[in-house]
Amino acid sequence: MKSSRNNFKDLPGFPKDRKGYNRVRKIFEHYQKIVNQEDYIEQRTKHQCMSCGLPYPRELLDFHHLNPDEKEKSLTASLWGGSNGPPKKTLDEAEKCAILCKNCHALEHMALRNGESILDDQDAYIRYRDRRATRYASLADWWEEFSQRGKNISTSV
């Protein structure tokens with residue numbers, strides 16, 4: 001996944017002194033890390049969220065670890081290497097993740113707190129997207145289960 005955009009010495013006006021060279025090299029390496037991350041996202045999902053399926057720019061996509069116990073590190077732009085491409089360890093870590101838009105990433109964490117996942121359950125995705133952050137499709141479903149437990153609810157104020 002090595003990018004063809006990696007020869008910064010051919011840029012017009014490239015500084016010849018050491019200080020200018022180091023400054024440009026650092027800027028280029030940071031840019032190259034972002035390009036490497038963007039190339040990976042493009043290759044894996046075509047810049048689409050794996051939950052809602054909508055296309056987003058790289059800045060609005062997050063890596064969500066599917067199994068938090070296997071998480072070794074967060075996949076920030078600084079881990080994506082330089083002009084030699086991303087390290088194998090970073091690619092292995094990225095394979096453990098789903099690529100989600102920021103909204104779906106937040107919804108997934110909300111669902112996980114309730115013991116669900118929007119990645120596997122389309123009904124759960126619709127419920128959380130529509131701001132019904134519960135496993136019940138309606139208030140009547142909740143009431144039915146609650147009343148079957150033999151609980152008494154006081155309606156007095």
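Quick rundown of the values:
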quantity: Entries in Lys33/Lys71; Lys26/Lys71; Lys26/Lys102; Lys19/Lys96; Lys19/Lys71 that, when Cα-Cα distance is taken, lie over 30 Å; calculated: Lys19/Lys96; Lys19/Lys71
quantity: Positive-end residue, the stretch 28-73 charge dipole about Cα centroid, Cβ charges, pick of Leu54, His64, Ile34; calculated: Leu54
quantity: Cβ-based charge dipole, the stretch 8-148, positive-most Cα from Ala111, Leu139, Asn22; calculated: Asn22
quantity: Taking Lys89, Lys19, Lys96 and counting other C-beta atoms within 10 Å, the order from fewest to most; calculated: Lys19, Lys89, Lys96
quantity: Cβ-derived FRET efficiency at R0 25 Å, Asp92 paired with Lys26, nearest 0.05; calculated: 0.40
quantity: Length added when fully stretched, Met50-Asn67, from 0.36 nm per residue minus Cα-Cα; calculated: 4.5 nm
quantity: Cα→Cβ-extended label distance, 7 Å offset, between Thr76 and Gln148, nm; calculated: 4.9
quantity: FRET efficiency estimate (nearest 0.05) - Cβ-Cβ, Arg113 to Asp141, R0 25 angstrom; calculated: 0.80
quantity: Ranked by how many other beta carbons lie within 10 Å on average, peptides 139-148, 40-49 from highest; calculated: 40-49, 139-148
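A short reminder: the numbers here are calculations on the coordinates, not readings from a lab. Treat the numbers as computed from the prediction; the structure is a model and nothing was measured. Using ideal geometry, Cβ is built from the backbone for each residue, glycine included, and neighbour counts are taken over all protein chains shown.
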